[in-house]
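The values are calculated or read from the model by the stated rules, or taken from the named source; none is laboratory data. In this text the structure is predicted, and so the values were computed from the model without any measurement. Because the Cβ atoms are built from the backbone with ideal geometry, glycine has one as well, and the counts that use them run over all protein chains shown. All accessible areas refer to the heavy atoms of the entire protein, side chains included, with ligands and DNA or RNA removed. Shrake-Rupley method; radii C 1.70, N 1.55, O 1.52, S 1.80 Å.
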Amino acid sequence: MDVRIETSWKVRLKDEFIKDYFINLTEFVRDEYKKFRVYPPGREIFRAFEYCPFESVKVVIIGQDPYHGPGQANGLCFSVRNGISFPPSLMNILTEIKQDLGVEMPGNGDLEHWAKQGVLLLNATLTVRANSPGSHQNKGWEIFTDAVIRKLSAEKQYLVFLLWGSYAQKKGEMIDPAKHLILKSPHPSPLSASRGFFGCCHFSKTNAYLRSKGMKEINW
């Protein structure tokens with residue numbers, strides 16, 4: 001089976017693509033795209049990997065589902081297409097960056113420029129049916145993205161993992177804290193941002209850690 005994913009990732013994840021769960025997942029996703037409107041567009045399912053090859057990863061942000069509204073999802077967690085209004089969680093992320101680093105709010109919500117600097121913007125589930133959050137959960141995507149996190153933890157060092165909310169923090173069990181920096185806070189959604197996401201200073205802490213390891217900071 002041919003999976004259209006960036007070469008460095010394809011080499012490292014090749015064993016996943018031949019497992020029964022992934023074959024079944026592929027059949028399920030193809031069927032969903034035929035029958036329903038599904039986000040993101042098929043060519044953007046693995047966009048997070050396309051912009052952030054394995055060797056380039058410095059920071060990992062873990063989301064849950066892609067956005068399920070028209071034109072929002074673009075294959076990068078928390079990111080939206082240029083011209084789409086900021087969803088509440090993204091607005092809160094950008095607000096925290098302004099408070100933390102003094103960086104002004106950008107003109108659009110496409111986080112491609114983060115990805116190209118080594119920020120892997122990874123949703124745990126890479127596809128979703130339109131207007132139906134969670135519709136592609138427990139179909140196999142989580143097994144695949146768990147494998148991605150394990151591979152990163154095992155084969156790299158000095159990564160920063162930003163785990164926002166209880167769902168992302170469960171993924172932290174697969175990360176070696178002796179090799180990597182794990183930063184946790186409540187989710188940036190309006191329901192929880194005021195309970196500790198605002199003021200977490202994760203963006204300055206990330207850059208300070210990268211600096212301490214001789215790596216280039218992220219231009220948030």
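Of everything in segment 10-47 that is touching a Lys or Arg at 6+ places or on another chain (Cβ under 6 Å) and outside any helix (DSSP H, G or I), the residue that is nearest to Lys151 (Cα to Cα) is Val38. Determine, yes or no, whether Glu142 is over 22 Å from Gln72 (Cα atoms), at pLDDT 95 or above and of a type in the set (Asp, Glu). So Glu142 does not fit the description; no. For the criterion of being within 17 Å of Gly140 (Cβ to Cβ), of a type in the set (Phe, Trp, Tyr), touching a residue at least 12 places away in the same chain (Cβ under 8 Å) and surrounded by 13 or more Cβ atoms within 10 Å (Cβ to Cβ), Tyr39 fails. For Val103, the criteria (1) touching a residue at least 60 places away in the same chain (Cβ under 8 Å); (2) open to solvent by less than 40 Å² (accessible area, probe 1.4 Å); (3) of a type in the set (Val, Ile, Thr) hold in every case but one, which is (2).
Counting only residues that are closer than 12 Å to Trp220 by Cβ and under 16 Å from the mean Cα position of the chain (by Cα), which one in segment 89-99 is surrounded by the most Cβ atoms within 10 Å (Cβ to Cβ)? Step by step, filter segment 89-99, then rank; the result is Ile93.
Can you find even one residue in segment 48-55 that is closer than 19 Å to Glu142 by Cα, assigned to a loop (DSSP other than H, G, I, E, B) and among the hydrophobic types (A, V, I, L, M, F, W, C)? No, segment 48-55 contains no residue that is closer than 19 Å to Glu142 by Cα, assigned to a loop (DSSP other than H, G, I, E, B) and among the hydrophobic types (A, V, I, L, M, F, W, C).
Each residue in segment 144-192 was checked for being touching a Pro at 6+ places or on another chain (Cβ under 7 Å) and not polar (S, T, N, Q), and 3 pass.
Leu76 passes every criterion in (1) farther than 17 Å from Thr145 by Cα; (2) surrounded by 22 or more Cβ atoms within 10 Å (Cβ to Cβ) apart from (1). Residue-level check: of (1) over 20 Å from Lys184 (Cβ atoms); (2) open to solvent by 30 Å² or more (accessible area, probe 1.4 Å); (3) in contact (Cβ under 8 Å) with a residue 60 or more places away in the chain; (4) of a type outside the set (Asp, Glu), Phe86 misses just (3). For segment 20-30, the candidate set comprises residues that are touching a residue at least 40 places away in the same chain (Cβ under 8 Å) and not hydroxyl-bearing (Ser, Thr, Tyr); within that set, the residue that is most open to solvent (accessible area, probe 1.4 Å) is Asn24.
Table: residues versus (1) modelled with pLDDT under 95; (2) not small (Gly, Ala, Ser).
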position: Ser132; (1), (2): no, no
position: Gln137; (1), (2): no, yes
position: Val148; (1), (2): no, yes
position: Ala154; (1), (2): no, no
position: Leu162; (1), (2): no, yes
position: Tyr167; (1), (2): yes, yes
position: Ile175; (1), (2): no, yes
position: Ala178; (1), (2): no, no
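Scan segment 56-66 and give yes if some residue there is under 21 Å from Phe197 (Cβ atoms), part of a loop (DSSP other than H, G, I, E, B) and open to solvent by 70 Å² or more (accessible area, probe 1.4 Å), otherwise no. Yes. Checking each residue in segment 74-88 for being on the phi > 0 side of the Ramachandran plot and within 13 Å of the chain's Cα centre (by Cα) picks out Gly75, Phe78.
Could you please give the count of residues in segment 34-73 that are more than 24 Å from Gln157 (Cβ to Cβ) and either within 11 Å of the chain's Cα centre (by Cα) or among the β-branched types (Val, Ile, Thr) (or both)? Number of matching residues: 7.
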